[in-house]
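> One structure follows; several queries about it will come next.
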Amino acid sequence: MTVHHLPDGRPSVIAVEGLTKRYGDQVAVDNLSLDVPRGVVAGFLGPNGAGKTTTMAMLLGLARPTAGRGTVLEFPLDRPTAYLGRVGALIEGPTFWPGLTGIENLRVIAKLSGHDTRQIPELLDLVRLSGRGSDRFGQYSLGMKQRLGIAAALIGDPELLVLDEPTNGLDPAGINEMRALIGDIAHDDRTVLVSSHLLAEVEQVCDWLIVIDHGALRYQGPADGFLGQVSPVLTLASERPDDLDRLVEVVRTAGFDAARERDGITVPLNVAEPRDAAVALNKEAISAGIVLAELHVQRPNLESHYLAMVEGGDR
Amino acid sequence: MIRAFRAEMVKLLRRRVWLLTAAAVVVVAIGGTAIVLGGAEPAGPGASGQSLTLQDLANAGGGTEVFRRAASFAGFFTFVVFVAAIAVEFGRGTFRTMLLRQPARLRLMAGKMVAMLAYSAGVLAVTMVLTWIAARLFAPSQDIDTGAWMTMDGLAAGVADYAAVLFWITGYAMLGMMLGVLLRSVPIALGVGIAWAGPFEHLLQDAWDPASRFFPGLLLEAFVAGGTDDVEAMRAFVTIAVYVAIAAVVASLSLSRRDVTA
């Protein structure tokens with residue numbers, strides 16, 4: 001048993017180093033090292049095929065790493081029997097027995113893990129399936145199946161919850177519902193690792209982010225830190241389109257970078273207070289006799305930063 | 001293993017499964033009895049080989065011999081059920097769901113198999129009783145004297161027949177399990193299993209006489225028939241036991257080494 005700590009002293013619930021998974025020549029996970037601190041809701045982000053599910057499969061003992069090592073709940077990855085009793089998981093979609101009712105499916109899971117089946121009504125209530133527990137799983141909608149999957153993962157009140165794309169295939173209302181549910185089940189004593197290929201689906205509930213692409217780590221750390229990597233952008237447009245070129249010169253003379261767009265210019269800001277830069281540039285434009293029709297600060301957009309990162313913009 | 005056993009029992013001990021099983025039991029017990037009794041030949045020069053005679057049926061073990069013969073019609077069905085029951089867990093992804101709660105793979109599979117075999121043992125016991133009752137009811141129509149059936153010798157023969165059928169079912173179950181674990185797909189596992197145990201082995205048997213002594217499907221058929229001209233029941237029993245052990249080892253290696261990605 002190894003207790004791994006983050007640099008800030010917090011213990012890691014998941015700590016892996018150099019984790020690699022190859023299928024023949026194809027590298028699904030490439031030398032991945034990551035830490036998930038205790039008590040966070042960690043968003044595990046990456047485009048489809050980035051290696052999220054494979055990584056989770058290795059964390060859950062379903063797939064054997066080609067290389068690397070790590071711990072989950074302080075036990076090594078090659079001893080899943082030591083830690084999986086304290087882990088709840090939903091991976092690669094909710095797969096249950098279609099001929100069994102929701103309650104029967106949960107009973108199978110509870111019996112398998114040696115937990116009390118008396119918690120089932122409470123769990124069905126939590127995932128808002130209490131009225132449909134006696135229906136067969138095969139008759140459930142996708143949203144209901146996902147919620148039953150969450151209920152199954154919660155059996156035994158696990159310390160770590162691993163949810164693989166729980167919003168996959170859901171409509172916007174279902175995504176909202178799932179997000180609310182993840183918020184409900186997260187608390188200080190429980191760590192949640194939730195994967196998604198869309199940041200917008202999980203950013204509101206996550207306080208820790210891990211971004212991978214092509215099996216390799218692109219970012220890990222607090223969600224705030226991810227946001228801090230993005231500079232605000234100032235957008236300016238002159239009243240007369242003919243003044244745009246002059247406006248570019250004015251901005252550059254004032255010591256800023258400027259990029260000419262079709263109807264205006266954009267100015268990336270590396271300053272603590274973007275409002276001050278806006279005021280300064282407005283004054284410079286007025287001094288040069290240019291009337292501004294548009295002047296506004298675009299705040300950091302997490303989604304665009306994420307997309308730029310995974311689509312190669314930040315490489 | 002006990003947890004896996006209990007979990008599997010949740011699936012098996014459902015009203016719907018009970019009703020389907022009950023229907024199958026009634027069909028095998030009544031239909032099988034009618035076919036076995038109707039097909040029994042009078043003892044004499046015409047009766048030979050492994051065919052059942054009316055005289056055999058009048059012996060102490062006659063009542064349960066009917067069960068043994070009737071159950072043998074369900075061998076193919078048993079094989080299909082076990083292949084499908086295991087392969088579908090992989091194909092559907094429910095084996096992965098179970099592994100997340102019981103990561104000890106061998107214990108999980110052992111618990112599942114023991115549960116299915118325990119259920120089968122119970123079903124066989126009920127089928128045997130029903131078959132015996134049906135045989136007693138039909139026996140007068142074939143002029144079969146059932147007086148010896150209710151003796152201690154009859155009981156002992158019944159226990160032996162039950163054990164034989166249970167072993168025979170276990171043989172099919174283990175081979176089916178191995179195919180399911182290796183191929184992880186219901187259509188592929190069934191296709192391979194049916195092609196092997198059906199046409200392939202019988203074609204081999206036609207072309208090569210010793211095949212009966214070596215191939216598992218033929219040995220299982222020979223065993224439940226109480227032995228054939230080509231292979232004695234005891235030899236069939238021992239060889240099947242070896243196959244069962246091999247199936248267990250092969251399935252265990254595959255289970256413990258392969259990733260569960262579906």
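The values are calculated or read from the model by the stated rules, or taken from the named source; none is laboratory data. Keep in mind it's a predicted model, so treat the numbers as computed, not measured. Don't worry about glycine lacking a Cβ; one is built from the backbone with ideal geometry, like all the others, and counts go over all protein chains shown.
> What are the pairs, 6+ residues apart or on separate chains, where a residue within segment B:71-82 that is outside any loop (DSSP other than H, G, I, E, B) has its Cβ under 6 Å from a residue that is aromatic (Phe, Trp, Tyr)?
As it stands, the answer is B:Thr78/B:Tyr172; B:Phe79/B:Tyr172, since those pairs meet every condition given.
> For segment A:70-89, give me the residue count where each residue is in a strand (DSSP E or B) and more than 23 Å from the chain's Cα centre (by Cα). Please lay out each step first, then the result.
Residues of segment A:70-89 in a strand (DSSP E or B): A:70-72, A:75-76, A:87-89.
Still in the running and more than 23 Å from the chain's Cα centre (by Cα): A:75-76.
Looking only at that region, the number is 2.
> Condition first: crowded, with 16+ Cβ neighbours inside 10 Å and either under 31 Å from the mean Cα position of the chain (by Cα) or assigned by TED's automatic domain parsing to the domain that holds A:Ser195 (or both). Can you find one or more residues in segment A:272-283 that meet it?
Yes, segment A:272-283 contains at least one residue that is crowded, with 16+ Cβ neighbours inside 10 Å and either under 31 Å from the mean Cα position of the chain (by Cα) or assigned by TED's automatic domain parsing to the domain that holds A:Ser195 (or both).
> Turning to a different aspect of this structure: Which condition breaks for A:Leu199 when tested against (1) surrounded by 20 or more Cβ atoms within 10 Å (Cβ to Cβ); (2) farther than 21 Å from A:Lys52 by Cα?
(2)
> Against the definition (within 14 Å of chain A (Cβ to nearest Cβ), touching a helix residue (DSSP H, G or I) at 6+ places or on another chain (Cβ under 9 Å), touching a residue at least 40 places away in the same chain (Cβ under 8 Å) and in a helix (DSSP H, G or I)), how does B:Ala148 come out, yes or no? I'd like the intermediate steps shown before the answer.
Working: within 14 Å of chain A (Cβ to nearest Cβ): no; touching a helix residue (DSSP H, G or I) at 6+ places or on another chain (Cβ under 9 Å): yes; touching a residue at least 40 places away in the same chain (Cβ under 8 Å): yes; in a helix (DSSP H, G or I): yes.
Considered against the rule, which asks whether it is within 14 Å of chain A (Cβ to nearest Cβ), touching a helix residue (DSSP H, G or I) at 6+ places or on another chain (Cβ under 9 Å), touching a residue at least 40 places away in the same chain (Cβ under 8 Å) and in a helix (DSSP H, G or I), B:Ala148 comes out as no.
A quick yes/no check of all residues on (1) out of contact with any Asp or Glu (no Cβ under 7 Å at 6 or more places or on another chain); (2) more than 8 Å from chain B (Cβ to nearest Cβ); (3) surrounded by fewer than 20 Cβ atoms within 10 Å (Cβ to Cβ):
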residue	(1), (2), (3)
A:Val72	yes, yes, no
A:Pro76	yes, yes, yes
A:Tyr83	yes, yes, no
A:Ile91	no, no, no
A:Phe96	yes, no, no
A:Gly102	no, yes, no
A:Val108	yes, no, no
A:Gly114	yes, no, yes
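> If the requirement is being in contact with a strand residue (DSSP E or B) (Cβ under 8 Å, 6 or more places away or on another chain), over 26 Å from B:Val260 (Cβ atoms), assigned by TED's automatic domain parsing to the domain that holds A:Leu193 and not charged (D, E, K, R), which of these qualifies: A:Ser130, A:Ser134?
Values: A:Ser130 fails: in contact with a strand residue (DSSP E or B) (Cβ under 8 Å, 6 or more places away or on another chain).
Criteria check complete, one pass: A:Ser134.
> Moving on to the next point. Out of segment A:187-203, which residues are of a type in the set (D, E, K, R) and modelled with pLDDT of 85 or more?
Listed by number, the list holds a single entry, A:Arg190.
> Quick check: anything in segment A:213-220 under 30 Å from A:Met144 (Cβ atoms), basic (Lys, Arg), under 17 Å from the mean Cα position of the chain (by Cα) and at pLDDT below 85?
Within segment A:213-220, not a single residue is under 30 Å from A:Met144 (Cβ atoms), basic (Lys, Arg), under 17 Å from the mean Cα position of the chain (by Cα) and at pLDDT below 85.
> Restricting segment B:230-258 to residues that are surrounded by 14 or more Cβ atoms within 10 Å (Cβ to Cβ) and of a type in the set (D, E, K, R), which is nearest to the other protein chains (Cβ to nearest Cβ)?
Filtering first and then ranking leaves B:Arg258.
> Checking the condition facing chain A (nearest Cβ under 9 Å) and surrounded by fewer than 23 Cβ atoms within 10 Å (Cβ to Cβ), which residue from B:Arg96, B:Arg101 passes?
Testing whether each residue is facing chain A (nearest Cβ under 9 Å) and surrounded by fewer than 23 Cβ atoms within 10 Å (Cβ to Cβ) leaves just B:Arg96.
> Would you confirm, using the coordinates I've provided, whether B:Val36 is away from chain A (no Cβ under 14 Å), β-branched (Val, Ile, Thr) and in contact (Cβ under 8 Å) with a residue 12 or more places away in the chain?
Details: away from chain A (no Cβ under 14 Å): yes; β-branched (Val, Ile, Thr): yes; in contact (Cβ under 8 Å) with a residue 12 or more places away in the chain: yes.
Judged against the criteria, B:Val36 is a match.
> For segment B:109-122, check the following and say yes or no: at least one residue is within 23 Å of the chain's Cα centre (by Cα), more than 13 Å from every other protein chain (Cβ to nearest Cβ), within 15 Å of B:Gly32 (Cβ to Cβ) and among the aromatic types (Phe, Trp, Tyr).
No, that holds for no residue.
> Within segment A:20-39, count every residue that is part of a strand (DSSP E or B) and free of Cβ contacts under 8 Å to residues at least 12 places away in the same chain.
Adding up the residues that qualify gives 2.
> Does B:Met113 satisfy the criteria of being over 23 Å from B:Val10 (Cβ atoms) and either assigned to a helix (DSSP H, G or I) or small (Gly, Ala, Ser) (or both)?
So B:Met113 does not fit the description; no.
> So, in segment A:116-131, of the ones that are touching a helix residue (DSSP H, G or I) at 6+ places or on another chain (Cβ under 7 Å) and modelled with pLDDT of 90 or more, which residue ends up nearest to the other protein chains (Cβ to nearest Cβ)?
So, considering only residues that are touching a helix residue (DSSP H, G or I) at 6+ places or on another chain (Cβ under 7 Å) and modelled with pLDDT of 90 or more, the one nearest to the other protein chains (Cβ to nearest Cβ) is A:Ile120.
> Take segment A:229-283 and flag every residue that is assigned to a loop (DSSP other than H, G, I, E, B) and closer than 16 Å to A:His296 by Cβ. Break it down into steps so the answer makes sense when it comes.
From segment A:229-283, those assigned to a loop (DSSP other than H, G, I, E, B) are A:229-232, A:239-240, A:254-258, A:261-264, A:269-273; that's our starting set.
Residues satisfying the conditions are A:Ser231, A:Pro232, A:Glu239, A:Phe256, A:Ala258, A:Glu261, A:Asp263, A:Gly264, A:Leu269, A:Val271, A:Glu273.
> Moving on. Please name all residue pairs, on different chains or six or more residues apart, with Cβ atoms under 6 Å, provided the first residue is in segment B:249-262 and is without any contact (Cβ under 8 Å) to a residue 12 or more places away in the chain and the second residue is in a loop (DSSP other than H, G, I, E, B).
B:Asp259/A:Ala63
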